[in-house]
Amino acid sequence: MATYTDSLQKAATQVNDTARDIYLAGLGALAVTQNEGGKLFDSLVKEGQTFETKTRKDVDGAVTEFRGTIEERITKVRTDATTNVKKLEKLFDERVARVLARLGIPTSDDIQKLAKRVQDLSKEVKALNGQSAKKAA
């Protein structure tokens, strides 16, 4: 039985040694963290600042690009809307002109032409009256 007990005691010693090594490793990690913790924290803060700066630049660039794209699209939509409104106005004017023509109502162009013709005729009448007055005298 001495061999069995010796084997058991040897295994228990190995387990104890391994457990103690794990415990000592944990204490070592704690000691390193306490000693190096400030440096590690400062290093992490510095890395965080660098990452924030890079990320901010990337985001700002993306926002600027996005804003430019949106402004281009808005400009295109405005241009298209203006073009479409002008087309609708022209179409409306043409249809109204056709309706007025069917009803026999003169357009503003017709009235302007008529006014010009009346002015021309008035000049001719004045000229003829001037010639008649000279002949009578």
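Some observations on this one:
- Counted charge near residue 120, where neighbours are those whose Cβ lies closer than 13 Å (Asp, Glu -1; Lys, Arg +1): +4
- Computed [θ] at 222 nm, helices only, for the chain once each DSSP H run of length n ≥ 4 contributes -39500 (n - 2.57): -36500 deg cm²/dmol
- Accessible-area composition of the chain, carbon plus sulfur, in percent [1.4 Å probe]: 61
- In the full protein context, the chain carries 93 Å² of accessible surface per residue, based on a 1.4 Å probe and ignoring ligands, DNA and RNA.
- The long axis of helix 108-136 is offset from the longest Cα principal axis of the chain by roughly 30 degrees.
- Dividing the convex hull volume of the alpha-carbon atoms in the range 35-137 by its residue count gives 162 Å³ per residue.
- Rounded tilt (10° steps) of 2-103 against the dominant C-alpha axis of the chain: 0
The values are calculated or read from the model by the stated rules, or taken from the named source; none is laboratory data. All of these numbers come straight from a predicted model, not from anything done at the bench. Backbone-built Cβ (ideal geometry, glycine too); neighbour counts: all protein chains shown. Surface accessibility is based on the protein's heavy atoms, side chains included, excluding ligands, DNA and RNA. Shrake-Rupley method; radii C 1.70, N 1.55, O 1.52, S 1.80 Å.
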